[in-house]
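Visitor: Below: one structure in structure tokens.
The values are calculated or read from the model by the stated rules, or taken from the named source; none is laboratory data. Since this is a predicted model, take the numbers as computed values, not measurements. Note that we place each Cβ from the backbone using ideal geometry, even for glycine, and neighbour counts take in every protein chain shown. Quick note on the areas: whole protein, heavy atoms, side chains included, nothing else; ligands and nucleic acids left out. Shrake-Rupley method; radii C 1.70, N 1.55, O 1.52, S 1.80 Å.
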Amino acid sequence: MKFVIAREALLKPLNLVAGVVERRQTLAILANVQLVLDGQELSLTGTDLEVELIGRVELTTPPESEGEITVPARKLVDICKSLPDGSDIEFNLDENRLILKSGRSRFTLSTLPAADFPSVEQSDNGQSFSLKQGDIKRLIEKTAFAMAQQDVRYYLNGMLWEVSEGQLRTVATDGHRLAMCTLTAALDAPNPLQVIVPRKGVNELTRLLGDENHDAEVMISANHLRVVTPGFTFTSKLIDGKFPDYERVLPRSSTKTVLGDREALRQAFGRTSILSNEKYRGVRLGLTSGELKIQANNPEQEEAEEVVAVDYEGADLEIGFNVSYLMDVLGAVSGETVKLSLSDPNSSALLEEIDSEETRYVVMPMRL
């Protein structure tokens, strides 16, 4: 295995692949990245047994010899980053050592056999479809913040992907709030499918997907989600569990509708949150005709109050919320106006974009 590659061409896929590799591993080979040279295509693979990422880069000059090997991921990244811009790197596998040369620099890295490198099992049964990378990324970014973190209800530590005829929907909830985004697309799904993608898989996929209009091939099987683009192949194991029936959580009979300027509300919540209780993050919303009063206080007897003009006609209402949850929603939605649907102090709130039916958010109230 002997070839030359430009530093810049190697660095981007190498950075992406190394991001999957955990720094602390029980198996030494899991700290390595696998290099496979086939013709002029160099493949780099990293895995933690839950998520696997294969990056691909085309060599501009034919290699002297092909081959495969695994080398320490973090050290290879650090070496490439430390070399000057515009430099070429020569890779040469000499028995069980990989020698890197660039200019007057020379590095010798330890290796482990590529045959010992674990790969995520392939599964042919499932559904596949093609979508724009930007659309998939938007689905994830609109809902990812509501995923649970290290919840004992393991099925909440991920994101539901629901495929049905003509649409793909993502849903995330931590039991206190719920985020849902629906993409209408030409999907042929005779059998509706629900799978739960783990948190790490969701985060890695967000990092990989570009905003551009390039297509990505999505394959969903019983145990895996795979996303393939010209630059990489991403595979994640799925969480084996049943996601809650999110449809039951959506408020259906709200009696009060508030329309407000999204940015004005976001800034007002941000300012009042400064003096909210650091542990519970509660704020009190007081709704009267034409205005919304936001109040926060903390154990140090400090108080904050904001008044925001809103479009509301109806009975007065006082209700408490975790301000962080409201700010997360207002940070995820787009458009100038947000719609808030309420019933009473004990019922969940539904937040929606005025200009789009793509997203819906539910936030449970707090007792203050």
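Visitor: So VAL338 ticks every box in (1) surrounded by fewer than 19 Cβ atoms within 10 Å (Cβ to Cβ); (2) closer than 11 Å to VAL258 by Cβ but one. Which box is left unticked?
Guide: (1)
Visitor: Can you find, within the stretch 96-127, the residue that is nearest to VAL21 (Cα to Cα) among those that are surrounded by fewer than 14 Cβ atoms within 10 Å (Cβ to Cβ) and modelled with pLDDT under 90?
Guide: Step by step, filter the stretch 96-127, then rank; the result is SER119.
Visitor: Kindly evaluate LEU16 against the criterion of being in a helix (DSSP H, G or I), in contact (Cβ under 8 Å) with a residue 60 or more places away in the chain and crowded, with 19+ Cβ neighbours inside 10 Å. Steps first, please.
Guide: Working: in a helix (DSSP H, G or I): yes; in contact (Cβ under 8 Å) with a residue 60 or more places away in the chain: yes; crowded, with 19+ Cβ neighbours inside 10 Å: yes.
Yes: the conditions hold for LEU16.
Visitor: Would you mind telling me which numbered condition in (1) under 17 Å from ARG138 (Cα atoms); (2) crowded, with 21+ Cβ neighbours inside 10 Å; (3) not charged (D, E, K, R) LEU225 fails?
Guide: (1)
Visitor: Checking ALA189 against (1) open to solvent by 10 Å² or more (accessible area, probe 1.4 Å); (2) over 30 Å from MET364 (Cα atoms), which test does it fail?
Guide: (1)
Visitor: Among the residues that make up the stretch 314-325, is at least one of them within 30 Å of ARG169 (Cβ to Cβ), in a loop (DSSP other than H, G, I, E, B), touching a helix residue (DSSP H, G or I) at 6+ places or on another chain (Cβ under 8 Å) and among the β-branched types (Val, Ile, Thr)?
Guide: Looking through the stretch 314-325, none of the residues is within 30 Å of ARG169 (Cβ to Cβ), in a loop (DSSP other than H, G, I, E, B), touching a helix residue (DSSP H, G or I) at 6+ places or on another chain (Cβ under 8 Å) and among the β-branched types (Val, Ile, Thr).
Visitor: Inspect the stretch 119-126 for any residue being of a type in the set (Gly, Ala, Ser), on the phi < 0 side of the Ramachandran plot and without any contact (Cβ under 8 Å) to a residue 24 or more places away in the chain and give the result as yes or no. Break it down into steps so the answer makes sense when it comes.
Guide: Kept after step one, since they are of a type in the set (Gly, Ala, Ser), are these residues of the stretch 119-126: 119, 123, 126.
Still in the running and on the phi < 0 side of the Ramachandran plot: 119, 123.
Next cut, without any contact (Cβ under 8 Å) to a residue 24 or more places away in the chain only: none.
No: zero hits.
Visitor: A further question on this structure: Only one of (1) modelled with pLDDT of 95 or more; (2) open to solvent by 10 Å² or more (accessible area, probe 1.4 Å); (3) in contact with a Pro (Cβ under 6 Å, 6 or more places away or on another chain) fails for PRO198. Which number is that?
Guide: Unmet condition: (3).
Visitor: In the stretch 96-103, is there at least one residue being touching an Asp or Glu at 6+ places or on another chain (Cβ under 6 Å), part of a strand (DSSP E or B) and farther than 30 Å from ASP240 by Cα? Break it down stepwise before answering.
Guide: Within the stretch 96-103, the subset touching an Asp or Glu at 6+ places or on another chain (Cβ under 6 Å) is 101.
In the following step, the residues that additionally are part of a strand (DSSP E or B) were identified as 101.
Next, from what is left, pick out any that are farther than 30 Å from ASP240 by Cα: 101.
Checked the stretch 96-103: at least one residue is touching an Asp or Glu at 6+ places or on another chain (Cβ under 6 Å), part of a strand (DSSP E or B) and farther than 30 Å from ASP240 by Cα.
Visitor: Restricting to the stretch 273-300, what's the tally of residues that are surrounded by fewer than 17 Cβ atoms within 10 Å (Cβ to Cβ), among the charged types (D, E, K, R) and either within 31 Å of the chain's Cα centre (by Cα) or assigned to a loop (DSSP other than H, G, I, E, B) (or both)?
Guide: Summing the residues that are surrounded by fewer than 17 Cβ atoms within 10 Å (Cβ to Cβ), among the charged types (D, E, K, R) and either within 31 Å of the chain's Cα centre (by Cα) or assigned to a loop (DSSP other than H, G, I, E, B) (or both) in the stretch 273-300 gives 3.
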